[in-house]
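To start, the structure under review is shown below, and the notes come after it.
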Amino acid sequence: MKQSTFFRVLFYLIGLLVLALGLTLNTKTGLGVSPIISVAYSTAVISGHNFGNMTLVLYSFFVVIELILHLLRERRYVEESHGALAPAGKRDRKLIFLMDLLQIPLSLVFTRFLNVFSAVLPDLYSNTRSTPGELALRVGVLLLAIIFTGIGAAMSLNMRIVPNPGDGIVQAIADTVRKSVGFTKNSFDLFNISVTIILSLACTGHLVGVGIGTILAMIGVGRTIAIFNHFTYRKMTRLSGIDV
C-alpha cells in the first residue's frame, strides 16, 4: 500500500470515529443533539429502540432520497447535454450512484460505532434538577462534542472517499436545487429540527432531543470545520496524496 493511500484511509477512519464520538457525546449531555440526527434520536427515545439502529434507518432513507435526486439530475442532464459530453457524463453518473450505494455499508459500520460509544459512555443528566457543577460539566462536554463532531466531519470529508449520508444528502439536494451547500445545510438542519419538534410533541407532549445544544451544534460544527481546515487541510491532503 502506498504511503499516501495509508494516510488517506487512516484519516478517513479516524474522522468517522471522532465524528461518532462527538455525536454520541452530544446525546449524553441532555442539552439537545445535532440537528442531522435529531429525528433518529427522538424516535429511539420515544419508541425505546436502539439509537444506532434508528440512525441506520434514517441514513438508509437519506441514501434512497439521494438516489432519487441523482436520477432526476441525470434526466435533466440528458436533456441539456450535447453529444461530445455524454460519455464522460455517463461515467461520472455511474461513479455518483456507486458512491450513493456505498453509503449503506458505511452507515452500518458508522452506526455500530455509535452503539459502542452509547454503551460505554454514561448519561450526564438526571431526572432531578441539575446542580451547578453537573450543569457546568454537561455544557463542557457539549462544547467538546461539537468540536469532535466538526473535526470528525472535516477529516472524513476531506479524504473524499464515501461521504456520510448526512453530508451526502445535503450535497445531493444542493446540486438538485442549485443552491449553495451552506444554505442547503442550514435549511436541512431546520427541517430536521422541525420534524423532531412535531414528532416529540405529538408523541410525548414535550421536546425530545432538541435544546440549546441543537442550536449550538448548528453554529459551532461549521465553525469548527472551518478552523480545523485552516490549520490542517493542506498538510492532510498532501500526506494523503489528494490534489488540492
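The values are calculated or read from the model by the stated rules, or taken from the named source; none is laboratory data. What you see is a predicted model, and the numbers here were worked out from it, not measured in a lab. Note: ideal-geometry Cβ built from the backbone for every residue, glycine included; neighbour counts use all protein chains shown. Remember, those area values only see protein heavy atoms, side chains included, never the ligands or the DNA or RNA. Shrake-Rupley method; radii C 1.70, N 1.55, O 1.52, S 1.80 Å.
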| query | Does VAL57 fit the bill of being open to solvent by less than 60 Å² (accessible area, probe 1.4 Å) and modelled with pLDDT of 90 or more? | reply | no
| For region 10-32, which residues satisfy the criterion of being in contact with a Ser or Thr (Cβ under 7 Å, 6 or more places away or on another chain), surrounded by fewer than 24 Cβ atoms within 10 Å (Cβ to Cβ) and hydrophobic (A, V, I, L, M, F, W, C)? | PHE11, LEU16
| field | Among the residues listed as SER180, SER200, the single one being more than 20 Å from VAL45 (Cα to Cα) and among the hydroxyl-bearing types (Ser, Thr, Tyr) | value | SER180
| said: Quick check on region 103-111. Is at least one of its residues under 24 Å from ILE212 (Cα atoms) and either open to solvent by less than 40 Å² (accessible area, probe 1.4 Å) or in contact with a helix residue (DSSP H, G or I) (Cβ under 7 Å, 6 or more places away or on another chain) (or both)? | reply: no
| task | Examine region 62-75 for a residue that is over 22 Å from LYS179 (Cβ atoms) and either β-branched (Val, Ile, Thr) or modelled with pLDDT of 95 or more (or both), and state whether such a residue exists. | result | no
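Please enumerate the residues belonging to region 60-75 that are open to solvent by less than 70 Å² (accessible area, probe 1.4 Å) and more than 18 Å from the chain's Cα centre (by Cα).
LEU69, HIS70, GLU74, listed by residue number.
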| note | Expected single match for over 19 Å from VAL45 (Cα atoms), in contact with a helix residue (DSSP H, G or I) (Cβ under 8 Å, 6 or more places away or on another chain) and touching a residue at least 24 places away in the same chain (Cβ under 8 Å) among GLY220, GLY209 is GLY220
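Among ALA119, ALA174, ALA136, ALA145, which is the only one that is free of Cβ contacts under 8 Å to residues at least 60 places away in the same chain and touching a Lys or Arg at 6+ places or on another chain (Cβ under 9 Å)?
Going through ALA119, ALA174, ALA136, ALA145 in turn, the sole match is ALA174.
Just to be sure, is ALA153 within 15 Å of SER34 (Cβ to Cβ), in contact with an Asp or Glu (Cβ under 8 Å, 6 or more places away or on another chain) and in contact (Cβ under 8 Å) with a residue 24 or more places away in the chain? Outline the logic, then answer.
On the way: within 15 Å of SER34 (Cβ to Cβ): yes; in contact with an Asp or Glu (Cβ under 8 Å, 6 or more places away or on another chain): yes; in contact (Cβ under 8 Å) with a residue 24 or more places away in the chain: yes.
Considered against the rule, which asks whether it is within 15 Å of SER34 (Cβ to Cβ), in contact with an Asp or Glu (Cβ under 8 Å, 6 or more places away or on another chain) and in contact (Cβ under 8 Å) with a residue 24 or more places away in the chain, ALA153 comes out as yes.
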| field | Output for region 125-148, where each listed residue is in contact with a helix residue (DSSP H, G or I) (Cβ under 8 Å, 6 or more places away or on another chain), over 19 Å from LEU19 (Cα atoms) and not small (Gly, Ala, Ser) | value | TYR125
| remark: Scanning region 33-49 for residues that are open to solvent by less than 20 Å² (accessible area, probe 1.4 Å) and farther than 29 Å from TYR233 by Cβ, the one nearest to the chain's Cα centre (by Cα) turns out to be ALA40
| If you check SER126 against the conditions, is it of a type in the set (Ser, Thr, Tyr) and open to solvent by less than 10 Å² (accessible area, probe 1.4 Å)? | no
| note | Within region 167-209, residues under 17 Å from the mean Cα position of the chain (by Cα) and of a type in the set (Ser, Thr, Tyr) come out as THR184, SER187, THR196
